[in-house]
Amino acid sequence: MGLLSLGLNLPLQFQTVSPSDNLFKREPNQVKAVVLLSGGLDSSTVLYQARIDGCECYAISFDYQQRHRRELDSAALVARMAGVVEHQVVTFDLRRWGGSALTDDTMELPRDRSLTEMSDSIPITYVPARNTIFLSFALAYAEAKNADRVYIGVNALDYSGYPDCRPDYIQAMQEVFRLGTKQGREGESIAIVAPLIDLKKTEIIQLGDRLGVPWELTWSCYAGGDVACGVCDSCRLRLVAFAELGLKDPLPYAPHKD
C-alpha cells in the first residue's frame, strides 16, 4: 500500500484489491473502463451497465472518512460479484474541513423529509466538490491504465439536486478530461459515461433488475449505522422508488420510531 501525505489528518492511501472470483471472462482488446463505485444503488447499476457494455472494468471507491463508511463494505462485495479486474480504494480525510453533514458530525442529518422538501434546495448532505475530487482520481487511474471510459452514476433527476450531478457539470468535466491529459491532447480523450443522468430512481431500479444488480449487497443509508435507518434522504428515495414499483427492498431497515 503506497502512502502520500497531503497534510490532512490521514495520509492519502491507495489499496488495491484484486477479486479472486472473476465471474465474467475478459476478451482480448476489450474497452477498458474505470467505474466509480460507492456501493450504492446507482453506482452498482452503472458497474453492471459497464460490464454489459463489454468493458473490462476497474472499480474505484473512496474512503473520505464519510459518516456512512459502511458503504465501502458494499462496494467491495459488489465489485467482487461483478468480477472487476481490480478494485482501488483511495483514502483521504474530508473531515479536515467538513462542510457537509456527511463529513461533520456537528451537522444534523436530515430525516423523515418528503420528496418535496428534499427538492427545495441543495441539502447539507452535499459534500463540497466531491465529484470533482472523485473524477480527478478516476481520470488519473484511467489514464494510467490506458482506459477508454470513466463511468459515474450521477443522476440529475434525483431530488437531492447536487450541483455536481448535473449535465452541464459532466460536460465541463469532459472538457477537463480532454485538455488535462496526454490522451486527450493526442486525440484519444477518455470519455465520461453517465448512463443514469436522465433516469428516475424507479427507472434505475428497473434497469438494475434487468442487469442483475444484487440489491441485497448495496448500501444507500447516510446515517452511519450497521443497519439502514430508513429515514435519511437517501433511504427515503430508495424506499419510495421500490414501493412505487411494487417491489420489496431486500435490505433490512431499523424499526422506525414515531
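Every number here is computed from the coordinates shown, using simple stated rules; none is lab data. Just so it is clear, the structure is predicted and the values come from calculations on it, not from any experiment. Here the Cβ positions follow ideal geometry from the backbone for every residue, glycine too, while neighbour counts run over all protein chains shown.
Points to keep in mind about this one:
- Each Lys and Arg Cβ is given +1 and each Asp and Glu Cβ -1; about its Cα centre, the stretch 141-198 then shows a dipole of about 180 debye.
- Expected 222 nm ellipticity per residue - DSSP helices of 4 or more, -39500 (n - 2.57), all of the chain, to 500: -9500 deg cm²/dmol
- DSSP-assigned coil residues among chymotrypsin sites (Phe, Trp or Tyr not before Pro) in the stretch 89-196, each with at most 15 further Cβ atoms within 10 Å: Trp97
- For the pair Glu108 and Asp226, a Förster radius of 22 Å applied to the C-beta separation gives a FRET efficiency near 0.60, rounded to the nearest 0.05.
- In this rough spin-label picture, where each label sits 7 Å from Cα along the Cβ direction, the Val240-Thr202 distance is 1.2 nm.
- Among (i) 66, 51, 30; (ii) 51, 49, 35; (iii) 57, 43, 36, the entry derived from the coordinates for Cα extents along the principal axes in Å: (iii)
- Residue-count net charge about Ser121 - beta-carbon cut-off 15 Å; Lys, Arg +1, Asp, Glu -1: -2
- Cβ charges +1 (Lys, Arg) and -1 (Asp, Glu), total dipole of the chain, debye: 340 debye
- Amide proton proximity set for Tyr151, modelled H, under 5 Å, gap of 5+: Val34, Val35, Leu36, Val193
- Fully extended contour minus Cα-Cα distance, from Trp97 to Glu175, at 0.36 nm per residue: 25.3 nm
- Computed extension gain for Arg210 through Leu157, at 0.36 nm per residue and net of the alpha carbon distance, reaches 17.0 nm.
- Where labels lie 7 Å past Cα in the beta-carbon direction, separation of Asp168 and Lys182 in nm: 3.5 nm
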